[in-house]
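Read-outs: derived from the displayed coordinates by stated rules, not from any lab. Remember, it's a predicted structure, so these values are computed and weren't measured experimentally. Positions of Cβ are backbone-derived with ideal geometry, glycine not excepted, and every protein chain shown enters the neighbour counts.
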Amino acid sequence: MTTLEDILIIDIPKIVDKKGRGKLSVIEKNVIPFDIKRVYYLYDVPSDAYRGGHAHKKLLQFMIPLSGSFDIHLDDGNNKKKLMLNKPDKGLLIPNGIWREMDNFSSGSVCMVLASENFSEDDYLRDYDAFLKFKSI
Ligand code: TYD
């Protein structure tokens, strides 16, 4: 079963324009360990809002703070940790079986998520006790 150790911050390759015209980051097949089936993004999130509050049975996700920042609280059923995501050239790989909650969104923040599967509500564990049971199997 997955643990916090399976959560990785992955550097996203970056091309810095030599003429000072900004940066370009690109995610190709070799950057993340799954094929992307779905892309979604969170935006217009109020600073006092909380997102997440679930885990996934199968889904792998790669989360990129395209703009601004937010905190993510991660929990593998035994241990917890909190990270702040605020660098658009660093993404967070979240394997299946990890409970996550996000809060403290900065104004104008945008969080893009690359996902290994199509959307399926059946893949969600939205009840914390059901999550703990899933982890103990
Ligand atoms: P959810 O994953 O719970 O959002 P968050 O973890 O950011 O708080 O999704 C919120 C709602 O959007 C929920 O009703 C499911 C729906 N949804 C889709 O229909 N398709 C998708 O690809 C996603 C990610 C969510």
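Values as computed for the structure displayed
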item	result
One residue from ILE32, ILE64, ILE72 being among the hydrophobic types (A, V, I, L, M, F, W, C) and not in a strand (DSSP E or B)	ILE32
Close pairs from the stretch 1-19: first touching a residue at least 40 places away in the same chain (Cβ under 8 Å), partner assigned to a helix (DSSP H, G or I), Cβ under 7 Å, at least 6 apart	MET1/LYS135
Residue in the stretch 110-122 that is in contact with a strand residue (DSSP E or B) (Cβ under 8 Å, 6 or more places away or on another chain), surrounded by 20 or more Cβ atoms within 10 Å (Cβ to Cβ), aliphatic (A, V, I, L, M) and more than 20 Å from ILE27 (Cα to Cα) present	no
Close pairs (8 angstrom Cβ cut-off, 6 or more residues apart or separate chains): under 24 Å from PHE70 (Cα atoms) and among the aliphatic types (A, V, I, L, M) in the stretch 111-135, more than 9 Å from the ligand (Cβ to nearest atom) and part of a loop (DSSP other than H, G, I, E, B) anywhere	LEU114/ILE27; LEU114/ILE32; LEU114/ILE36; ALA115/ILE36; ALA115/LYS37; ALA115/LEU59; ALA115/LEU60; LEU125/LYS57
Search result, residues across the stretch 92-119 that are over 16 Å from LYS82 (Cβ atoms) and more than 9 Å from the ligand (Cβ to nearest atom)	LEU93, PRO95, ASN96, GLY97, SER107, GLY108, SER109, VAL110, MET112, LEU114, SER116, GLU117
Output for the stretch 55-77, where each listed residue is surrounded by fewer than 18 Cβ atoms within 10 Å (Cβ to Cβ) and touching a Leu at 6+ places or on another chain (Cβ under 8 Å)	LYS57, SER69, ASP71
